[in-house]
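Student: Dropping the structure in here first, questions after.
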Ligand code: GUN
C-alpha cells in the first residue's frame, strides 16, 4: 500500500510559516467570481475561509453570468488603489467573456494567480515573481515528503496555463525530465509506465488513471477533481492504484489545500513587495 501524501499537513505548515509575516503587514485579497459554476463556488469559498483562518482581509465581487468584459475590466480599476494587494478572477469564465484581455488587465504585481503573460514569462525564464498556486503546491508537497526531482521523469497529464504548462517550466527549472500529455497524446498508458512521478489533472468522467497505467514505486499526484454522485473523486481509481505505487495524494485533501495555501503565500508576498 502506498504512502498517502497528506495535503492538509503540508498546508498547515505553509500557513504556520505565514503567520509571523502576516503580523507585520495587512494583506488584502480581492476575488472575482462570475456566474455560478459549482466547482468555482467551492474553490472561492475555500479561499475565503483560508483568508479568515489566517486573518487576511478579503473582498469578494460576484458578477452574474451575463456580465460583460467591460464590467470586469472596470472592477479592475482596483489595480491603481493601494489596496487590494492581490487580485484574482476565478476561472473558467463564461465563453462570451474575453478571458485573455481580463487576465492581461490585472496589474502583474497583484496577479497572485501568476496568470498574467508577464508573470508566466518570468517563470519561463526561471526568474519568477510569483509561483502559480497549484504547481507551487505540488512542489511543496514533493519537498515536504523529501521526494527529489533532479533527473526524475515527470509525466504531466494536463496542458493548461493553470497547471500543466507552468508546472512543466518549474520542473525543468528543478532539473527534472518532463513529458506533457493532453487529449491528443497517443498511448498514454505506455508513457505513464515510463514515469517516476505522474501528475494527473483532468477531472473528467471519461478519463481515469487506472492500475494498468502505473507501476511499483511511482509517485502519483492527483489534481483531478469531479463529483461522482455525492462523492468527490480524483483522476486515479484510488483503491487499485494505491495498492501498486509508492506514494499517492488523495482527493479530497491532497493538492487542493496546497493551492489555497500557496495563494495566501503569494498574497502576503505581494503585500510585502508593494509596501516597500
Ligand atoms: N480555476 C481553477 N483553478 C484556479 C486557480 O488556481 N485560480 C483561478 N483564478 N481560477 C482557477
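The values are calculated or read from the model by the stated rules, or taken from the named source; none is laboratory data. Since this is a predicted model, take the numbers as computed values, not measurements. Glycine also receives a Cβ, built like all others from the backbone with ideal geometry; neighbour counts cover every protein chain displayed.
Student: Among the listed residues 249, 273, which satisfies the condition of being at pLDDT 95 or above and under 17 Å from residue 158 (Cα atoms)?
Tutor: Working: 273 fails: under 17 Å from residue 158 (Cα atoms).
Residue meeting the stated conditions: 249.
Student: Further question: Within the range 102-145, track down each residue that is more than 23 Å from residue 248 (Cα to Cα), in contact (Cβ under 8 Å) with a residue 40 or more places away in the chain and not in a loop (DSSP other than H, G, I, E, B).
Tutor: 109, 110, 120, 123, 124
Student: A follow-up question, please. Go through the range 29-45 residue by residue and tally those that are near the ligand (Cβ under 10 Å from one of its atoms) and at pLDDT below 95.
Tutor: So the count comes out to 4.
Student: Same structure again: In the range 169-194, which residue that is assigned to a helix (DSSP H, G or I) and closer than 24 Å to residue 113 by Cβ is nearest to the ligand (Cβ to nearest atom)? Walk me through it before giving the result.
Tutor: Keep residues of the range 169-194 that are assigned to a helix (DSSP H, G or I), which gives 169-173, 188-193.
Now narrow it down to the ones that are closer than 24 Å to residue 113 by Cβ: 169-173.
Working: 169: 16, 170: 15, 171: 18, 172: 21, 173: 20 Å.
Checking each candidate, the answer is 170.
Student: In the range 146-168, is there at least one residue being free of Cβ contacts under 8 Å to residues at least 12 places away in the same chain, more than 23 Å from residue 116 (Cα to Cα) and away from the ligand (no atom under 16 Å from the Cβ)?
Tutor: As a first pass, look at the range 146-168 and keep what is free of Cβ contacts under 8 Å to residues at least 12 places away in the same chain: 146, 148.
Going one step further and asking which of them are more than 23 Å from residue 116 (Cα to Cα), we end up with 146, 148.
In the following step, the residues that additionally are away from the ligand (no atom under 16 Å from the Cβ) were identified as 146, 148.
So far as the range 146-168 goes, yes, one or more of its residues are free of Cβ contacts under 8 Å to residues at least 12 places away in the same chain, more than 23 Å from residue 116 (Cα to Cα) and away from the ligand (no atom under 16 Å from the Cβ).
Student: Can you find, within the range 80-119, the residue that is farthest from residue 262 (Cα to Cα) among those that are more than 16 Å from the ligand (Cβ to nearest atom) and out of contact with any helix residue (DSSP H, G or I) (no Cβ under 6 Å at 6 or more places or on another chain)?
Tutor: Residue satisfying both the conditions and the ranking: 96.
Student: Could you please let me know if residue 200 is touching a residue at least 24 places away in the same chain (Cβ under 8 Å), more than 25 Å from residue 260 (Cβ to Cβ) and either within 16 Å of the ligand (Cβ to nearest atom) or buried (at least 16 other Cβ atoms within 10 Å of the Cβ) (or both)? Lay out the reasoning, then the answer.
Tutor: Values: touching a residue at least 24 places away in the same chain (Cβ under 8 Å): yes; more than 25 Å from residue 260 (Cβ to Cβ): no; either within 16 Å of the ligand (Cβ to nearest atom) or buried (at least 16 other Cβ atoms within 10 Å of the Cβ) (or both): yes.
For residue 200, the condition - touching a residue at least 24 places away in the same chain (Cβ under 8 Å), more than 25 Å from residue 260 (Cβ to Cβ) and either within 16 Å of the ligand (Cβ to nearest atom) or buried (at least 16 other Cβ atoms within 10 Å of the Cβ) (or both) - is not met.
Student: To continue, here is another question. Among 232, 221, which is modelled with pLDDT under 95, in a strand (DSSP E or B) and within 16 Å of the ligand (Cβ to nearest atom)? Talk me through it step by step, then tell me what you get.
Tutor: Values: 221 fails: modelled with pLDDT under 95.
After ruling out the rest, the residue left standing is 232.
Student: Can we say residue 176 is buried (at least 16 other Cβ atoms within 10 Å of the Cβ), closer than 25 Å to residue 17 by Cβ, free of Cβ contacts under 8 Å to residues at least 60 places away in the same chain and in contact with a strand residue (DSSP E or B) (Cβ under 9 Å, 6 or more places away or on another chain)? Steps first, please.
Tutor: Values: buried (at least 16 other Cβ atoms within 10 Å of the Cβ): yes; closer than 25 Å to residue 17 by Cβ: yes; free of Cβ contacts under 8 Å to residues at least 60 places away in the same chain: yes; in contact with a strand residue (DSSP E or B) (Cβ under 9 Å, 6 or more places away or on another chain): yes.
Yes.
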